[in-house]
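Read the figures in this text as sums done on the coordinates, not as results from a lab. Values in this document were obtained by computation on a predicted structure and should not be read as measured data. Cβ placement follows ideal geometry from the backbone for every residue including glycine, while neighbour counts extend to all protein chains displayed.
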Amino acid sequence: MTPALAIHQDLVHQVQYNCDISDAQHAGNFTLCIYLLKMREYFRWMQELDYADTLDNEAMGQWLRDKEETWDRVIDQPFQPISIGDREYDPFDHGAINQAINAGGLFYHAGIGQKATQHFMLGQLVEQRELDGIQVFISGDEYARDLTAPPAVSTVDSMVIRRQSLQRMCWERYQEWNWSRLDNPMGKALSFYPFEQSIADALQQMVEKELDTLIQHELGEVLIGRQHGEQWRPIMTRILGTRAELLARAVRDHYADCLTTLPFLCARNDSASLHFYFANLTALRKQVFPRAMSAYHRWAKSGDISILTDLAQESLDHWRDTFQQLLEIGADSAQNSADQICLAIDNATLT
C-alpha cells in the first residue's frame, strides 16, 4: 500500500467511525419500514453494488446484524477528532480539514441536519465553482457516509452538492414508483428517462439535469441565510426535533424555491424537471402550500408555463412574510416559540 493510499484509508475509517456514532444515535428515529429501506440502500453502497444488482438477503441480514452491533458499541461515544498528519481537527471544522485534503482530490463535510442529526461525509472532489460569490463544491464517489445522506447542504457562503447521494435519491424515487407504477407526478418525470433500457444511463441523465435544480434551491437558502441567518439559527436550535422545526423548514424551503428554484425551472421550461420537482414535495410542504399542487395539475393538463411562473411570483411575498413572522416569534423569548410557530404556519397555509 502506498503512503498516500494508507493515509486515505485511515481518513475513511476515522470519518466512518463518526458516521457510525451518528447512526447509532439517530437511526431509531425512522419507522421500521423506512429504516429497512434505508438500510437496504446503505448495504448496496457499502458493498459497492450496482443499482441493477439483486441483493443477497442472507448476506444483507448478516451485515445488518453486524452494523447494529457496531452501533451498540459506539452509541455513547463522543465524536472523535480527525487526525491528518500530526494535527487533529474538530470533526465539524470541515473548512480546515478540506484545506488539508482538497489537494489530494478529497472532500469532507460535516454538519447538522433535520432533527439535530449529525452528518459526516468523505468523498471525491470532482468540481469547485463560484456562483454569485458562493463557493460550490461538487463531490463524486463517497468513501464514508452515514445512513441518511442529504444530496445538498449549504452555509452562508458555500454549498455542497453530493452527486452520488443525488443519484441514490433518484434511484430510490424510481424504485418506490416502480412498485406501484402509478400515473402520478413521479411517473411522469421518470417517463423522460430510459429506465427500461438502462438504469445506469437513466440515472446519469437525471443527475445531470437535477444537479442544477439542487444548486438553485441551495442558492435560495444561501440568500435567505445571508439576510436572516443570525436570527434564524438560534430559533432552529430551540425547536430542533419538534413539529415546529419541520414546519419552519417547509416554510423556508417554499421561500427559497419561490425566490430561485421555481423561476429557474420555469425559465428552462423542462417538463421532466418540473414534474420531478412537484413529485418530490413532501406531505408537509403540500399541506402548507396546497396552491402549489393545484397549479401543478393545471400546468400538467394545459402545458401553460405561465401558470407556474405566476405561482412563484404571487407566492414569494407570502412566504417571505411568513418567514419574517417566524423570526419575530423567535425573537420574543417570552413566547413558547414551538407552539407559536406551529400556529402561525397553520394559519399561513396558502390555498
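For the range 169-347, the Kirkwood hydrodynamic radius comes to 17.4 Å, computed from all pairs of different C-alpha atoms.
Assuming charge only on the beta carbon of Lys and Arg (+1) and of Asp and Glu (-1), the dipole of the chain about its Cα centre is about 800 debye to the nearest 20. Compared with the dominant Cα axis of the chain, that is its longest principal axis, helix 306-331 is turned about 70°.
For H297 and I112, what does the FRET efficiency come to when R0 = 41 Å and r is the distance between their Cβ atoms, rounded to the nearest 0.05? Could you put the intermediate results ahead of the total?
Details: r = 36 Å, r/R0 = 0.88.
For H297 and I112, the calculated efficiency is 0.70.
Here the simple spin-label model places points 7 Å from the Cα toward Cβ, and for W45 and R129 these points are separated by 2.4 nm. Placing unit charges on each Cβ (+1 for Lys and Arg, -1 for Asp and Glu) gives the range 199-309 a dipole about its Cα centre, and among Q204, A283, P263 the Cα reaching farthest toward its positive end belongs to A283. Highest mean first, the peptides 192-205, 254-267, 106-119 sorted by other C-beta atoms within 10 Å per residue fall in the order 254-267, 106-119, 192-205. Dividing the mean sequence gap of close Cα pairs (under 8 Å, 6+ apart) by how many residues the range 78-217 holds gives a relative contact order of 13 percent. What spacing in nm lies between the two simple spin-label points modelled at A267 and E69, each 7 Å away from Cα in the Cβ direction? The two pseudo-label positions are separated by 5.5 nm. When only Cα pairs below 8 angstrom with a gap of at least 6 residues are kept, the chain shows a relative contact order of 13 percent.
Starting from 0.36 nm per residue, how many nanometres of slack lie between L37 and D183 once their C-alpha separation is accounted for? This chain segment gains 50.3 nm when fully extended.
Summing -39500 (n - 2.57) over the DSSP H runs of n ≥ 4 in the chain and dividing by its residue number, what mean residue ellipticity at 222 nm do you reach, to the nearest 500 deg cm²/dmol? Mean residue ellipticity at 222 nm (helix-derived): -20500 deg cm²/dmol. When a/c is below 1.5 the answer is rounded, else prolate if a/b is larger than b/c, else oblate, so apply that to the range 3-149 with a ≥ b ≥ c taken from the square roots of the Cα gyration tensor eigenvalues. Here the range 3-149 falls in the prolate category. Hey, which lysines would be in cross-link range of K38, C-alpha to C-alpha under 27 Å, not counting anything within fewer than 8 residues on its own chain? Output for K38: K67, K115, K188, K209, K286. Given R0 = 25 Å, the distance between the Cβ atoms of E58 and Q197 translates into a calculated FRET efficiency of 0.20. Per residue, the convex hull around the alpha carbon atoms of the range 62-168 comes to 134 Å³. Which shape class applies to the range 53-108: rounded if a/c is under 1.5, otherwise prolate when a/b exceeds b/c and oblate if not, where a ≥ b ≥ c are the square roots of the Cα gyration tensor eigenvalues? It is oblate, given that a/c is not under 1.5 and a/b is not larger than b/c.
Treat the chain as a sphere of radius equal to its Kirkwood radius over Cα pairs and apply Stokes-Einstein at 37 °C in a medium of 0.692 mPa s; give the translational diffusion coefficient in µm²/s, rounded to a whole number. The calculation lands on 151 µm²/s.
For Q204, the shell of other residues with beta-carbons less than 12 Å away shows a net charge of -1, using +1 for Lys and Arg and -1 for Asp and Glu.
For the pair the range 240-257 and the range 74-138, the centres of their Cα atoms are 25 angstrom apart. Separation of the range 52-69 from the range 145-197 is 23 Å, based on Cα centroids.
How far is helix 243-256 tilted, in degrees, relative to the longest principal axis of the Cα atoms in the chain, given as a value from 0 to 90 rounded to the nearest 10? Here the helix axis deviates by roughly 70 degrees. Across the range 3-149, the mean sequence separation of Cα contacts (distance under 8 Å, 6 or more residues apart), normalised by length, yields a relative contact order of 28 percent.
Protection proxy ranking, highest mean first, for peptides 274-281, 94-101: 274-281, 94-101, where packing is the per-residue count of other beta-carbon atoms within 10 Å, averaged. Would you please classify the overall shape of the range 174-274 from the alpha carbon gyration tensor, given that a ≥ b ≥ c denote the square roots of the eigenvalues, rounded means a/c under 1.5, and beyond that prolate means a/b larger than b/c while oblate covers the rest? Here the range 174-274 falls in the prolate category.
Around the amide H of Y143, modelled in the peptide plane, lie the amide H atoms of L122, G123, Q124, all under 5 Å away and 5 or more residues distant in sequence or on another chain.
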